[in-house]
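The values are calculated or read from the model by the stated rules, or taken from the named source; none is laboratory data. Keep in mind that this is a model prediction, so the values were computed, not measured. Backbone-built Cβ (ideal geometry, glycine too); neighbour counts: all protein chains shown. Surface areas here come from the heavy atoms of the whole protein model, side chains and all, with no ligands, DNA or RNA. Shrake-Rupley method; radii C 1.70, N 1.55, O 1.52, S 1.80 Å.
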Amino acid sequence: MATEDARYRESSQFRQWSFSPVQLASMRDKANTLARTSIAERLSTSPPNNASTNSMSAPTSNANTPDPDGGTPSLPEFLTPAEEALLVTFYTSELLRAGDHAEMGDEIKATAAAFFRRFYVTNSIMTYPPQQMLIVALFFGCKAEGAFPRITDFAQTFGKEDPQDILAGEFLLCQGIRFCFDVKHPFRALRGAVMELRKLGDIDTSRIDSAERRARDILRFSPLVTDAYFHYTPSQIMYATLSHADRGLVERLIQETFHYVAPPTNSGPDTPTASGDASTPATSRRDTNKGDDNNKAAIIGSYIRDRVLGTIEACRDMLAKEMPERREHWSNKTVIKAQITPLRKKLNKCHDPDRWDLVKLQKVRREQALKKGDSEDGSPGDRVASSEADASLFGGDVATAQRDAKRRKVGAKGLDDPFGGAL
């Protein structure tokens with residue numbers, strides 16, 4: 001148990017993408033604030049209607065409208081962190097529906113959903129288009145899980161004529177998730193728990209099978225559209241989902257795992273030894289046994305059991321907010337019209353005009369990289385001028401001096417023959 005826990009603590013999922021609720025809320029607030037500031041600066045300095053002309057949502061965007069009094073353009077109303085979180089949840093459910101449409105496996109969809117939610121922790125939904133990024137996350141999730149679809153076929157599956165619409169956001173996604181491609185899911189943990197329950201031998205098989213089906217159905221949706229992956233380990237998520245399916249089975253597993261009870265500390269007088277030394281050997285054995293008891297109690301004792309049960313209950317409460325039955329909620333037209341459509345209209349007015357078109361953004365960044373490379377290399381004339389400037393500063397031709405130094409170094413070793421001296 002300890003070894004498995006130590007292995008998980010070395011993973012990028014724990015080290016880079018595990019947060020407390022306060023930390024996660026702070027990061028999202030920071031991303032929202034940075035996006036509002038940068039978008040406001042761009043809309044204030046860009047020509048009127050430039051944002052709506054270059055964006056994908058031109059017909060509905062009236063951002064950056066000139067002020068009637070001739071002053072600076074009026075800024076749109078930005079999304080709040082809570083509104084962003086609601087949209088991320090909605091688009092995560094859309095991602096899962098898209099994965100079902102493409103007949104993807106459970107782990108591919110789960111990995112893609114984890115990538116998508118990670119990306120929008122440090123990036124605002126007002127900066128990059130979620131409709132495109134969810135397709136990018138699905139494509140990269142396939143590759144992360146060892147499936148490599150042809151980009152042309154993948155694009156056609158989702159009605160994309162140009163594969164570049166997907167490829168343009170791929171490196172952007174990798175940057176956003178900090179190049180952490182390994183996502184650990186609770187599916188294997190569920191299989192292991194079912195095997196342990198079957199080994200007990202006194203639980204009805206049909207009860208175990210029914211609980212497994214229900215738990216797997218929950219794992220396909222609830223942890224993916226909530227923040228469970230940021231707060232809990234895969235095994236804790238598994239126990240929480242299995243608790244929703246059958247709480248009695250989870251309590252039985254926990255009791256079988258954390259069963260150790262330390263023996264009484266006062267076990268009577270020491271037994272004398274044959275040599276007459278009645279204290280040293282017995283005391284040494286008692287101290288050793290006490291240390292073993294403490295180690296066992298720290299791993300599988302009642303204190304740890306209570307802590308684990310508390311964590312499972314907290315995770316269970318989080319998953320209860322988005323049970324599998326809520327799939328219909330996020331695809332209900334009435335709900336979308338009442339909750340999502342107003343936020344979409346708001347997003348169309350306040351998104352980043354320079355980063356909303358991913359293909360154009362990729363082209364601009366490539367051009368900037370080429371210009372930067374050319375400026376670092378410099379032209380031959382610039383290199384000659386730089387060499388002359390160095391010579392005037394340090395006295396003599398620096399390049400010639402470096403060549404002479406190399407020649408002296410080779411000559412000192414007696415390497416007149418490029419192939420070495422005579423045998």
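Hey, what's the Cα Rg ratio for the stretch 96-144 versus the globular rule of thumb, 2.2 N^0.38 Å?
Against the empirical 2.2 N^0.38 Å value, I get 1.08 for the stretch 96-144.
Can you list the residues, at least 5 places off or on another chain, whose amide H is less than 5 Å from the amide H of Ser74, using H built in the peptide plane?
Long-range HN contacts for Ser74: Thr65, Asp67.
Assuming R0 = 56 Å, what is the FRET efficiency of Lys199 and Lys160, from their Cβ-Cβ distance, to the nearest 0.05?
0.70
Report the extension gain between Phe148 and Arg214 in nm, rounded to one decimal, defined as 0.36 nm multiplied by the number of residues separating them, less their alpha carbon distance.
Length gained between Phe148 and Arg214: 20.7 nm.
By accessible area of protein heavy atoms, probe 1.4 Å, what ranking do Thr152, Thr33, Thr241 get, highest first? All intermediate terms of the calculation are to be shown ahead of the outcome.
On the way: Thr152 55, Thr33 80, Thr241 0 Å².
Descending accessible area places them as Thr33, Thr152, Thr241.
When the chain is fully extended, how far beyond the present Cα-Cα distance does Ala25 get from Arg191, taking 0.36 nm per residue of separation?
On the way: separation 166, 0.36 × 166 = 59.76 nm, distance 3.28 nm.
Full extension from Ala25 to Arg191 adds 56.5 nm.
With each pseudo-label sitting 7 Å past Cα toward Cβ, what's the Glu77-Arg97 distance in nm, one decimal?
Placing both labels 7 Å beyond Cα along the Cβ direction yields 2.5 nm.
Using 7 Å Cα-to-Cβ label points, what is the Ile304/Cys174 separation (nm, one decimal)?
So the two model labels end up 4.0 nm from each other.
Could you give the nm distance between label points at Ala6 and Gln339, where each point is 7 Å from its Cα heading toward the beta carbon?
About 4.5 nm, to one decimal.
Which order do you get for Lys199, Lys349 if you rank them by accessible area with a 1.4 Å probe, largest at the top?
Details: Lys199 150, Lys349 80 Å².
Output order, biggest surface exposure first: Lys199, Lys349.
Taking 0.36 nm per intervening residue step and subtracting the Cα-Cα distance, what contour gain separates Glu256 from Leu370 on full extension?
Gain in length upon complete extension: 34.8 nm.
Compute the separation of the alpha-carbon centres of the stretch 110-170 and the stretch 77-96 and state it in Å as a whole number.
Cα centroid of the stretch 110-170 versus Cα centroid of the stretch 77-96: 17 Å apart.
So if R0 is 30 Å, what FRET efficiency would Lys360 and Thr122 give, r being the distance between their Cβ atoms, rounded to the nearest 0.05? Before the final figure, lay out the partial values.
Numbers: r = 22 Å, r/R0 = 0.74.
E between Lys360 and Thr122, to the nearest 0.05, is 0.85.
For the stretch 69-218, which whole-number percentage of the solvent-accessible area (1.4 Å probe, protein heavy atoms only) is attributable to carbon and sulfur atoms?
The computed percentage sits at 49.
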